[in-house]
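Enquirer: Can you read through this structure? Questions will come right after.
The values are calculated or read from the model by the stated rules, or taken from the named source; none is laboratory data. Treat the numbers as computed from the prediction; the structure is a model and nothing was measured. Neighbour counts are summed over all protein chains in view; Cβ atoms, including those assigned to glycine, are modelled from backbone coordinates with ideal geometry.
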Amino acid sequence: MARLLVVVLAAVVSAASFAGGTGTFLDRGQATDIRVVAWNVQGNLIANGSADAAFARVLNALDPDVIVFEEIPSNAVESALAGWLNSNIGNGPWHTYGGIATGVRTVLASRFTLSMQQDDTTPVSSTRGVTMALINLPSGTYDTDIYLMGVHLKCCGGTAEEESRQRSADAIAKWLGDIRTPGGSITLATNTPVIVIGDMNLVGGTQPATTMLTGDIIDNGTFGADIKGDWDVSNLTDLVPRDPNTNDADTWPSTSSPSSRLDRSFYTDSVLIVPNDFVLNTNTMTGAQRAAAGLNANDTSENATSDHLPIAM
């Protein structure tokens with residue numbers, strides 16, 4: 001079974017990276033753990049130079065191996081994002097895949113090379129597509145690669161918005177089933193860990209989450225029969241990262257008391273272990289924790305970086 005740590009997935013981490021322990025919840029358990037982070041950056045990363053320093057502090061503290069960014073501006077150049085990460089985070093070179101190039105984009109960034117990149121499922125989902133790729137982990141250290149599905153579902157309440165989220169959920173459930181079964185639109189090595197992560201905007205009913213987790217497809221005429229997404233023909237797991245200081249799983253708004261769990265991570269728990277996960281909120285960290293991690297009190301606040309808090313696993 002692959003060990004994903006904070007979405008840390010068992011990944012190769014340089015000695016320099018792992019050696020910088022903070023003595024806080026931010027630290028990895030093992031040097032080979034891989035960390036996956038998702039963060040809706042509200043269009044500010046790269047586009048708003050005044051936010052660069054705060055973004056750099058947060059991302060350096062998170063020390064991710066793989067990042068799913070939501071709300072990257074449509075005019076942002078993927079190579080520019082990779083360049084920014086190389087300059088401000090290091091431990092590269094970073095590799096990026098921008099998904100659908102129109103509207104606000106969901107972009108994958110990885111310290112490992114990417115393959116099998118696709119910007120949507122088949123049949124297609126809804127708003128913003130699904131940004132997907134195989135994270136190619138070093139075979140000398142890991143027994144498997146990891147498949148990542150970066151999502152940013154339609155926001156807000158209302159019937160049309162809920163229908164959009166449900167279509168995306170149906171499409172993701174269908175894709176997960178295709179991964180697990182022979183043929184179809186995608187083929188992965190058996191038992192490849194899969195993570196569905198990002199801003200899911202689940203502000204209405206519970207059915208979209210139920211569909212992605214259990215394979216209970218609503219539009220069977222378009223997306224086929226209900227189908228389980230985990231390799232052992234079971235449900236995916238809803239990780240529910242929490243703020244270690246408050247036990248709060250909410251990620252929006254990025255205040256000291258967020259009220260909505262918009263950002264989530266679902267994963268194939270039959271082949272993946274997640275020993276550490278959290279929501280990072282600099283407003284609720286202790287002064288000692290921030291000092292150890294090189295963070296300022298408002299770094300994850302909307303006036304510094306974004307209205308969403310980052311999640312890590």
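Enquirer: So is residue 199 under 19 Å from residue 41 (Cα atoms), among the charged types (D, E, K, R), at pLDDT 95 or above and in contact with a Cys (Cβ under 9 Å, 6 or more places away or on another chain) or not?
Expert: yes
Enquirer: Right, another one. If only one of 78, 71 is among the acidic types (Asp, Glu), surrounded by 20 or more Cβ atoms within 10 Å (Cβ to Cβ) and over 18 Å from residue 278 (Cα atoms), which one is it?
Expert: Testing whether each residue is among the acidic types (Asp, Glu), surrounded by 20 or more Cβ atoms within 10 Å (Cβ to Cβ) and over 18 Å from residue 278 (Cα atoms) leaves just 71.
Enquirer: Could I ask something else about it? Let me confirm something: among 165, 180, which residue is over 26 Å from residue 273 (Cβ atoms) and basic (Lys, Arg)?
Expert: Step by step, each of 165, 180 is checked, and only 165 is over 26 Å from residue 273 (Cβ atoms) and basic (Lys, Arg).
Enquirer: When residues of region 1-45 are filtered for being basic (Lys, Arg) and modelled with pLDDT of 95 or more, how many remain?
Expert: Going through region 1-45 one residue at a time, the tally reaches 1.
Enquirer: Name the residue, out of 165, 105, that is within 17 Å of the chain's Cα centre (by Cα) and of a type in the set (Lys, Arg).
Expert: 105
Enquirer: Regarding region 163-175, can at least one residue be identified that is surrounded by fewer than 20 Cβ atoms within 10 Å (Cβ to Cβ) and either without any contact (Cβ under 8 Å) to a residue 40 or more places away in the chain or not in a strand (DSSP E or B) (or both)?
Expert: Looking for residues that are surrounded by fewer than 20 Cβ atoms within 10 Å (Cβ to Cβ) and either without any contact (Cβ under 8 Å) to a residue 40 or more places away in the chain or not in a strand (DSSP E or B) (or both), one finds at least one in region 163-175, hence yes.
Enquirer: Scan (1) of a type outside the set (Lys, Arg); (2) touching a Phe, Trp or Tyr at 6+ places or on another chain (Cβ under 7 Å); (3) in a loop (DSSP other than H, G, I, E, B); (4) without any contact (Cβ under 8 Å) to a residue 40 or more places away in the chain for the single condition residue 86 breaks and write down its number.
Expert: (3)
Enquirer: Within region 262-313, track down each residue that is surrounded by 24 or more Cβ atoms within 10 Å (Cβ to Cβ) and of a type in the set (Gly, Ala, Ser).
Expert: Listed by number, the residues that qualify are 265, 293, 306, 312.
Enquirer: Oh, and also: Go through region 196-217 and report how many residues are assigned to a loop (DSSP other than H, G, I, E, B) and either more than 19 Å from residue 179 (Cα to Cα) or in contact with a Gly (Cβ under 7 Å, 6 or more places away or on another chain) (or both).
Expert: Result for region 196-217: 9.
Enquirer: Identify, from the list 50, 79, 87, the residue that is under 30 Å from residue 140 (Cβ atoms) and at pLDDT 95 or above.
Expert: None of the others qualify; the one that does is 87.
Enquirer: Of these, 248, 230, 226, which one is crowded, with 20+ Cβ neighbours inside 10 Å, without any contact (Cβ under 8 Å) to a residue 60 or more places away in the chain, in contact with a Ser or Thr (Cβ under 9 Å, 6 or more places away or on another chain) and part of a loop (DSSP other than H, G, I, E, B)?
Expert: Unique residue meeting the criteria: 230.
Enquirer: Considering each residue of region 42-95, count those that are over 20 Å from residue 281 (Cβ atoms), of a type in the set (Phe, Trp, Tyr) and in contact with an Asp or Glu (Cβ under 9 Å, 6 or more places away or on another chain), and give that number.
Expert: Here the count works out to 1.
Enquirer: Moving to a separate point now. Among all residue pairs at least 6 apart or on different chains, which show Cβ distances below 7 Å where the first residue, located in region 203-214, is in contact (Cβ under 8 Å) with a residue 12 or more places away in the chain and crowded, with 16+ Cβ neighbours inside 10 Å and the second is in a helix (DSSP H, G or I) and among the β-branched types (Val, Ile, Thr)?
Expert: Matching pairs, first to second residue: 212/172.
Enquirer: Can you spot a residue in region 304-311 that is closer than 30 Å to residue 227 by Cβ, part of a strand (DSSP E or B) and touching a residue at least 12 places away in the same chain (Cβ under 8 Å)?
Expert: Scanning region 304-311 turns up at least one residue that is closer than 30 Å to residue 227 by Cβ, part of a strand (DSSP E or B) and touching a residue at least 12 places away in the same chain (Cβ under 8 Å).
Enquirer: Then there is this: Scan region 90-132 residue by residue and report those that are at pLDDT 95 or above and farther than 30 Å from residue 163 by Cβ.
Expert: 93, 94, 95, 96, 109, 110, 111, 112, 113, 114, 115 - these are the residues of region 90-132 that are at pLDDT 95 or above and farther than 30 Å from residue 163 by Cβ.
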